[in-house]
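Here is the structure we will look at.
Please treat every number below as a calculation from the coordinates, not as lab data. This structure is a prediction, so every number in the text was calculated from the model and none was measured. Please note: Cβ atoms are built from the backbone with ideal geometry, for glycine as well, and neighbour counts cover all protein chains shown.
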Amino acid sequence: MPGLRSARERLIQTLWFEGVGLALVAPLYAWATGAAAGESFVLVAALSLAVMTWSALFNTGFDWIEWRLTRRLASDRPQHWRIVHAVAHEATAVIVTCPLIVALTGLGWWQALWLDVALTVVYAVYAYVFHLAFDRLRPVQV
């Protein structure tokens, strides 16, 4: 479909997003919580795998809806839609990740939710910057 990334491009985008995110967030999580580096890596890697699956579905759906409404390429997305994209992606990812946080950390649901919200804010900012850079480096080919 015109205006959408190919499956290959979507895979490249998702793997880079999650890989760079893991390299940035695992050490940040360990520093902020005092968790051991290995524990931090396992938690963030598990969250990354869950969100990687969700990202492929969400980003394809978002791009498809945007294309149907505006006939605009995803790489030509204006700033206000980039913000909507990043916030919507992270807000919906909480549904996927909060149960993992409870299972892997032993935190209660409220504590896990607050941790998830903090990680969501970090990832929302990261998602905006990452996707802007990715679209500039690898624009959608028509």
Using a 10 Å cut-off on Cβ atoms, rank the peptides 97-106, 114-123 from the highest mean neighbour count down.
114-123, 97-106
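Run the numbers for L104 and R136: contour at 0.36 nm per residue of separation, minus the present Cα-Cα distance, in nm. Display every interim value, and only then the final one.
On the way: separation 32, 0.36 × 32 = 11.52 nm, distance 3.65 nm.
Gain in length upon complete extension: 7.9 nm.
Please report the net charge: other residues with Cβ closer than 14 Å to the Cβ of E18, K and R +1, D and E -1.
Net local charge, E18 excluded: 0.
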Between F134, S6, V20, whose Cα lies farthest towards the positive end of the dipole of the chain when Lys and Arg beta carbons carry +1 and Asp and Glu beta carbons carry -1, centred on the Cα centre?
S6
Rounded to the nearest 500 deg cm²/dmol, what is the calculated helix-only ellipticity per residue at 222 nm for the chain, with -39500 (n - 2.57) per DSSP H run of length n ≥ 4?
-29500 deg cm²/dmol
Trypsin sites (Lys or Arg not before Pro), restricted to the range 27-131: which are DSSP loop and have at most 10 other Cβ atoms within 10 Å?
R71
Cβ charges +1 (Lys, Arg) and -1 (Asp, Glu), total dipole of the range 7-137, debye
400
